[in-house]
Amino acid sequence: MNVDLHSHSRQSDGALAPAEVAARAHANGVDWWALSDHDETSGLAEAAQAAQAHGLGFIPGVEVSVTFCQKTVHILGLNIQPDHPALQAGLAEIRRSRFTRAHQLDVLLADCGIAQAYAGALKYVENPDLISRVHFARHLLQEGHVKSLQQAFDRYLGEGKRAFVPTQWATLADAVAWILAAGGKAVIAHPGRYKYTPQQHDALFSAFKDLGGQGIEVITSSHTSAQYKQYARMALQYGFQASRGSDFHAPGIGRTELGRMPPLPDELTPVWLDWTQESL
Ligand code: AMP
Ligand code: MN
Ligand code: MN
Ligand code: MN
């Protein structure tokens, strides 16, 4: 079975409409798919409807921005009830922080000689409730300040770079609590991407486990094959279920394509087991 439980639409920083992501998942042979936009659930109704039309199994998801040990961590909420009030209130607060950050980014980029970046980024914002660094990156690329989206992060927007704004997102405890309250499972997204010391890394996994977090993403596009093995071991070690998700954002970006990843290693318990069996 081809399961892809991590993807984005233009309701956050992806390039396609939710129905277009559904069609692409179906065309790529995905059997079960989750849309998991950053801090936003407004694409889920369209996604569910499109998935149904394609006969594609659908899991409503969200990717919540969290700050842990002064670094950003992404926590996936999978199989959530999107309209849960505590979840919605939490996500709305994070989206407000995104706009505060965007205004600070405008000032920092002006200091770098790039004027009116906020207005420029807004041209790429499709969902008026959500602004992302990716929208700034698209503007910097379009205006010729950088040669690629990656260069926009490497030169200006990435952690510690000239226009980086440290932002206080949700706490790990709040994010997990909202996801569980909304009936979902909490899953640490792409654990291989966080630049933690081994001690901080263990602190994240242990705290997440204690809070009721259930899973970690093992197979995801930003992991190397060595990291597939490393996080498979860690899932067993900490007693986590395992997830598989492409983190698809847009056609033609790197190796990230819906449904195109190795299967989950046999020894792991998939996060989706109860959901996909229930519907048989
Ligand atoms: P934001 O959530 O607004 O801080 O933006 C982070 C998003 O930027 C990620 O979800 C990725 O989609 C995208 N991104 C692309 N390249 C990078 C990079 N080098 N560092 C951080 N984010 C990146
Ligand atoms: Mn993203
Ligand atoms: Mn992420
Ligand atoms: Mn993602």
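The values are calculated or read from the model by the stated rules, or taken from the named source; none is laboratory data. Just so it is clear, the structure is predicted and the values come from calculations on it, not from any experiment. Positions of Cβ are backbone-derived with ideal geometry, glycine not excepted, and every protein chain shown enters the neighbour counts. All accessible areas refer to the heavy atoms of the entire protein, side chains included, with ligands and DNA or RNA removed. Shrake-Rupley method; radii C 1.70, N 1.55, O 1.52, S 1.80 Å.
Spin-label point model (7 Å from Cα, Cβ direction): what's the residue 104 to residue 274 distance in nm?
3.8
Tell me, rounded to the nearest percent, the portion of alpha carbon pairs in the chain spaced more than 27 Å apart.
37
Between residue 224 and residue 147, what FRET efficiency comes out of the Förster formula 1/(1 + (r/R0)^6) with R0 = 35 Å and r the beta carbon distance, rounded to 0.05?
Calculated transfer efficiency: 0.90.
If R0 is 35 Å, what FRET efficiency do you get for residue 173 and residue 116 from their C-beta distance, rounded to 0.05?
0.35
By the scheme Lys and Arg +1, Asp and Glu -1, what is the net charge of all other residues having a beta-carbon under 13 Å from that of residue 205?
Computed value for this residue: -1.
By how many degrees, 0 to 90 and rounded to 10, does the Cα axis of helix 18-27 deviate from the longest principal axis of the chain?
50
When the chain is fully extended, how far beyond the present Cα-Cα distance does residue 154 get from residue 45, taking 0.36 nm per residue of separation?
The span from residue 154 to residue 45 would gain 35.7 nm if fully extended.
Output the 0 to 90 degree angle, nearest 10, between the alpha-carbon long axis of helix 85-111 and the longest principal axis computed from the alpha carbons of the chain.
So the helix axis and the longest Cα principal axis differ by about 30 degrees.
Per DSSP H run of n ≥ 4, the term is -39500 (n - 2.57); total these for the chain, divide by its residue number, and report the mean residue ellipticity at 222 nm rounded to 500 deg cm²/dmol.
Computed ellipticity for the chain at 222 nm equals -12000 deg cm²/dmol.
Could you give the nm distance between label points at residue 193 and residue 236, where each point is 7 Å from its Cα heading toward the beta carbon?
In this crude label model, residue 193 to residue 236 measures out at 2.7 nm.
Mind pulling the angle between the C-alpha long axis of helix 172-181 and the longest principal axis of the chain? Nearest 10 degrees, somewhere in 0 to 90.
Rounded to the nearest ten degrees, it is 50.
Rolling a 1.4 Å sphere over the protein heavy atoms, what is the accessible area per residue of the chain, to the nearest Å²?
43
Whole Å is fine, so just give me how far the alpha carbon centre of region 134-208 lies from that of region 35-103.
When both Cα centres are located, 14 Å separates them.
Which percent of the accessible heavy-atom area of the chain goes to carbon and sulfur, probe 1.4 angstrom?
The computed percentage sits at 51.
Would you kindly give the portion of the calculated P(r) for region 1-72 that falls above 17 Å, as a percent of all Cα pairs?
Roughly 37 percent, once rounded to a whole number.
Work out the count of Lys pairs in the chain where the Cα-Cα distance is under 29 Å, with the pair 8 or more places apart or on different chains.
For the chain, qualifying lysine pairs total 18.
When ranked by the protection proxy of mean other Cβ atoms within 10 Å per residue, highest first, what sequence do the peptides 32-43, 162-173, 234-245, 7-18 form?
Averaged packing, sorted descending, gives the order 32-43, 7-18, 234-245, 162-173.
Determine, at each q value in 0.12, 0.15, 0.25, 0.26 (inverse angstroms), the log₁₀ of I(q)/I(0) that the Debye formula gives when each Cα of region 98-157 is one equal point scatterer.
Summing over Cα pairs of region 98-157 leads to -0.23, -0.36, -1.03, -1.11.
Mean projection of the alpha-carbon convex hull of region 5-156 over all orientations, in nm²?
The number I arrive at for region 5-156 is 9.6 nm².
State the volume of the convex hull built on the alpha-carbon positions of region 61-110, expressed per residue in Å³ and rounded to an integer.
85
Considering only DSSP states other than H, G, I, E and B, which GluC sites (Glu not before Pro) in region 57-155 qualify as loop sites with at most 15 other Cβ atoms within 10 Å?
126, 143
Over all pairs of distinct alpha carbons, what does the Kirkwood formula give as the hydrodynamic radius of region 151-280, in Å?
So the Kirkwood estimate lands at 16.3 Å.
Report the convex hull volume per residue for region 204-280, counting only C-alpha atoms, in Å³.
It is 119 Å³ per residue.
Grab the Cα-Cα distance for residue 161 and residue 253, subtract it from 0.36 nm times how many residues apart they are, and report the gain in nm with one decimal.
Result: 30.9 nm gained on full extension.
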